[in-house]
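S.K.: Submitted below is the structure of interest, expressed as structure tokens.
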Amino acid sequence: MPAAEPGSLTGRRLYFVGIGGSGMSAYANIARALGAEVRGWEAQDTIFLAALEEIDVDLGGEPRPPDGWEVVVSTAHRHRADGIPRADFLAELVAAQPSIVVGGAHGKTTTAAMIAFVLRETGRDPAWVIGGVVPQLDGNAGTGSGWLVVEGDESDRSIGALRPQIAVITNIELDHHATYASEAELRAFFESWLEDVPHVVRSWELQPVTLELAVPGEHNRQNAAAALAALALAGVPREEAEAAIVRFRGVDRRLELVGERGGVSVYDDYGHNPTELEATLRTARELTDGHLIAVYQPHVVERTRQLHRELGAALGLADAAIVTDIVGARDAPREGVTGKLVVDALPADVRAGWAPAPEDAATLALAWARPGDLVLTFGVGEPWKIARAVVEGLPA
């Protein structure tokens with residue numbers, strides 16, 4: 001399939017509302033790289049703001065777009081400003097050059113990053129927009145004249161507005177209960193979208209690779225299988241792609257080592273649904289002979305209400321589990337729905353900790369951790385702050 005020159009945004013001035021989100025920060029970075037003047041707003045500090053070097057960000061209060069600027073609004077902040085929905089802006093980027101879009105309940109960030117990494121390593125000059133910082137790609141977005149690799153998002157159905165040449169679906173699992181009433185509805189949504197995509201990779205139809213990857217875990221062997229299938233459709237010979245993918249070292253906040261002090265290892269992970277927690281905890285178990293202490297920060301009210309039993313069961317793979325209250329939720333509060341539901345669902349043989357505030361969770365993890373133990377923080381919001389607080393609080 002022929003490549004095309006990417007569309008230029010030179011001369012446009014774009015103000016991103018929710019610029020500190022995983023996806024919006026990537027959109028802002030690629031917009032700037034394509035020549036646009038970029039500014040934005042975020043409610044509070046996030047880990048992705050660090051990726052927005054030299055971009056002015058209005059932090060706190062309400063969005064303050066300058067006169068004459070186009071406003072791009074994230075789904076979570078539609079009530080704060082009028083402007084272009086983020087889905088429409090991303091659709092514009094995808095339409096500008098041949099694109100590969102990756103979607104699914106989990107694994108899509110890593111799979112998209114693997115594809116972009118291999119394309120770049122094999123000299124194919126890709127562009128990418130990924131909802132995670134990829135150290136080997138120097139960030140979460142980049143420009144190139146080859147394929148554009150995009151991490152799509154089904155949480156608000158925005159992936160349905162994208163028209164790529166290749167689509168990859170890592171898995172289908174109900175994770176966004178406020179958007180879809182059932183897994184059947186989610187599956188129907190994906191299949192309807194895929195009708196207009198020329199080439200489709202369904203990861204569950206593939207066997208995990210047997211390559212020795214730099215990223216651990218069975219889930220990453222499955223991610224690599226999907227990535228290699230997409231790369232073959234994009235014209236990369238299998239042998240060439242395999243030689244590159246084994247050098248891929250992962251995405252920030254995917255079983256990321258935050259620090260080691262006093263004999264305790266502290267990791268952080270973006271995992272937030274039961275399947276992700278289980279896969280990561282099984283992998284983490286192989287990294288320690290001591291106790292495995294999980295710290296989970298729930299993020300979405302409806303997910304917590306619907307899946308608290310499954311979340312508790314997954315966290316039960318740890319020796320001890322600490323759960324905070326729901327933080328930074330994007331849906332409305334609901335009476336009786338708190339992180340305590342997850343605590344109450346933990347297996348009886350797991351040491352259970354209820355720590356409503358993140359700082360409480362860090363204090364409790366420090367009280368429990370002993371030399372040889374591994375502490376692993378989970379969640380969409382800011383559990384990375386908990387992980388850093390634990391590292392800082394450990395004895396030298």
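S.K.: Pick out the one residue from L34, L49, L90, L59 that is at negative phi, surrounded by fewer than 23 Cβ atoms within 10 Å (Cβ to Cβ) and under 17 Å from the mean Cα position of the chain (by Cα). First the steps, then the outcome.
M.R.: On the way: L34 fails: under 17 Å from the mean Cα position of the chain (by Cα); L90 fails: surrounded by fewer than 23 Cβ atoms within 10 Å (Cβ to Cβ); L59 fails: under 17 Å from the mean Cα position of the chain (by Cα).
After applying the criteria, what remains is L49.
S.K.: Say we look at the stretch 62-86 and pick out the residues that are among the aliphatic types (A, V, I, L, M) and modelled with pLDDT of 90 or more; which of these is most open to solvent (accessible area, probe 1.4 Å)?
M.R.: I84
S.K.: I'm trying to understand the selection: among the residues of the stretch 94-108, which are among the hydrophobic types (A, V, I, L, M, F, W, C) and out of contact with any Gly (no Cβ under 7 Å at 6 or more places or on another chain)?
M.R.: Within the stretch 94-108, V94, A95, I100, A105 meet the criteria.
S.K.: Which of the residues belonging to the stretch 134-169 are aliphatic (A, V, I, L, M), within 23 Å of A50 (Cβ to Cβ) and surrounded by fewer than 24 Cβ atoms within 10 Å (Cβ to Cβ)?
M.R.: L137
S.K.: Take residues that are closer than 28 Å to L307 by Cβ, modelled with pLDDT of 95 or more and of a type outside the set (G, A, S) and tell me which of the strands (runs of 3 or more DSSP E) falling wholly in the stretch 116-231 contain 1 or more. Talk me through it step by step, then tell me what you get.
M.R.: On the way: elements: 127-134, 139-142, 148-151, 166-169, 199-202.
Here the list reads 148-151, 166-169, 199-202.
S.K.: Criterion first (at pLDDT 90 or above, more than 20 Å from R303 (Cα to Cα) and open to solvent by less than 10 Å² (accessible area, probe 1.4 Å)) does A113 satisfy it?
M.R.: So A113 passes the test.
S.K.: Of V343, V350, V323, which residue is in contact with a Pro (Cβ under 8 Å, 6 or more places away or on another chain), without any contact (Cβ under 8 Å) to a residue 60 or more places away in the chain and hydrophobic (A, V, I, L, M, F, W, C)?
M.R.: V323
S.K.: May I ask you to list the residues in the stretch 371-393 that are open to solvent by 10 Å² or more (accessible area, probe 1.4 Å), in a loop (DSSP other than H, G, I, E, B) and within 19 Å of A355 (Cα to Cα)?
M.R.: Residues satisfying the conditions are V380, G381, E382.
S.K.: Moving on. So in the stretch 37-46, with the set limited to residues that are surrounded by fewer than 19 Cβ atoms within 10 Å (Cβ to Cβ) and among the acidic types (D, E), which one is nearest to L9 (Cα to Cα)?
M.R.: The selected residue is E37.
The values are calculated or read from the model by the stated rules, or taken from the named source; none is laboratory data. This structure is a prediction, so every number in the text was calculated from the model and none was measured. All Cβ positions, even for glycine, are placed from backbone atoms using ideal geometry, and neighbour counts span all protein chains on display. Side chains included, ligands, DNA and RNA excluded: accessible areas come from the protein's heavy atoms. Shrake-Rupley method; radii C 1.70, N 1.55, O 1.52, S 1.80 Å.
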